[in-house]
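What follows is a short report on a single structure.
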Amino acid sequence: MKAQYGILRFAKYKGPEISHIEAHNERSKEKYASNPDVDLSRSKDNIHLISPGRKYRAEAERQIAEAGCRTRSDSVRVVETLITASPEFFSGKSLEHIQEYFSHALEFMEKYQARETMISAVVHMDEKTPHMHLCFVPLTQDKRLSAKEILGNKKKLTWWQDEFFKHMVEKYPELERGESASKTGRSHIPPRLFKEAVQLSTQREQIMQLMADTNPFNKKAKAEELELLLDIYMPGVEAMSTKLKSYDKLYEELLKEKAQLEESVATLSDEGFLRRLELKQTIKELDKLRKAVEGLPPELLQAAKSKTLNKNRQI
């Protein structure tokens, strides 16, 4: 039987992106083209352990104002906690037992973060693996806005993982504690990035096909359609490029470690072989993400450039 792990992850949000995570968490959109895992026919089974009283950003601003905190444009206003477990853990469990798992996890969070700072806690049952999105305003006990103090550095994040495991294993002894990223050197790559990469690749194919199908008779109509696609695609590429920059250092470190392991492959222990396989997989995943935004076809770049020039002329 595969090991069953309890999983706890954090993400920080500062401004406009807060509305995006709200739309995803609260299922406020009619379609989720960027996330093919969402099965809206099963969304009726989603469970709110904490229901939002207002929009995420509005609630965050309300709490921050009442606490008398000053903010900057780059202040973290919302922290999202993703809580789940290995798919094997949920296999065969009833809806009631799954809800108990996440209720127990919520009790853990309430030990260290005031309930009144929590905006929403929703369990998604309409994706492949049940998971909970818990969003809170990072206010400390003495009413300061500080995601940095609450989440801390790698040492503090390891503490969060340790305490989460201790709490969860009391009720679910079958769970195991995975090694922390600070001990192994691993870094979590959000699944959302891979879904965004798939979406960008699909959009690129659509644009290239559209350009290939353009001829003198349909040029005007195709140009309008191309402009609409580029308005979606190019900002997406820029956003993905920015996100991937934060992994540049990690990528170089992984390549260096992989090269060192391959130099001593003849004397590697079992643990060394496993680490080598893990490094190859992570590097492969990062290469896949980079491919989504690097090496754009010249004709696509020219189309985007022409569109920008046309807009400037109109202005």
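Please treat every number below as a calculation from the coordinates, not as lab data. What you see is a predicted model, and the numbers here were worked out from it, not measured in a lab. Cβ atoms come from the backbone with ideal geometry, glycine included; neighbour counts cover every protein chain shown.
Observations, loosely collected:
- For the range 6-184, a simple Cβ point-charge model (Lys and Arg +1, Asp and Glu -1, everything else neutral) yields a dipole of about 780 debye relative to the Cα centre.
- Lys220 paired with Glu116, simple spin-label distance in nm, labels 7 Å along Cα-to-beta-carbon: 6.3 nm
- Gained length - Glu163 relative to Ala23, 0.36 nm times residue gap less alpha-carbon distance: 47.4 nm
- Under 14 Å of direct C-alpha separation, and excluding same-chain neighbours fewer than eight residues apart, Lys171 reaches these aspartates and glutamates: Glu100, Glu107, Glu163.
- Among Leu226, Leu157, Leu49, residue whose mean-square fluctuation peaks in a GNM of the chain (springs only between Cα atoms under 10 Å): Leu226
- Qualifying trypsin sites (Lys or Arg not before Pro) for the range 97-159 [loop in DSSP, other Cβ within 10 Å: at most 15]: Lys128, Lys143, Arg144
- Pairs from Lys148/Lys258; Lys148/Lys243; Lys55/Lys291; Lys148/Lys284; Lys156/Lys249 whose Cα-Cα separation, in the structure shown, is over 28 Å: Lys148/Lys258; Lys55/Lys291; Lys148/Lys284
- Paramagnetic reach from Glu176 in the range 6-20 [backbone N under 18 Å; point 7 Å along Cα→Cβ]: 6-8
- Over 30 Å (Cα to Cα) - which of Lys128/Lys166; Lys93/Lys288; Lys12/Lys222 fall in this group: Lys93/Lys288; Lys12/Lys222
- Using Cβ point charges alone (K and R +1, D and E -1), the dipole size of the chain about the Cα centre works out to roughly 1000 debye.
- Extension gain, Glu88-Ile283: 0.36 nm per intervening residue step, less the Cα-Cα distance, totals 67.6 nm.
- Computed extension gain for Glu107 through Ala58, at 0.36 nm per residue and net of the alpha carbon distance, reaches 15.1 nm.
- Projecting the Cα atoms of Pro298, Leu210, Ser28 onto the charge dipole of the chain, computed from C-beta unit charges around the Cα centre, puts Pro298 farthest toward the positive end.
- Projected label distance in nm at Met208 and Ser41, using a 7 Å step from Cα toward the beta-carbon: 3.3 nm
- Other residues lying with their Cβ under 10 Å from the Cβ of Ile64 contribute a combined charge of +1, Lys and Arg counting +1, Asp and Glu -1.
- Cβ-based charge dipole, the range 6-184, positive-most Cα from His48, Ile119, Ala58: Ala58
- Two-site label geometry, Ala65 and Phe194: point separation in nm, points 7 Å out along Cα→Cβ: 4.2 nm
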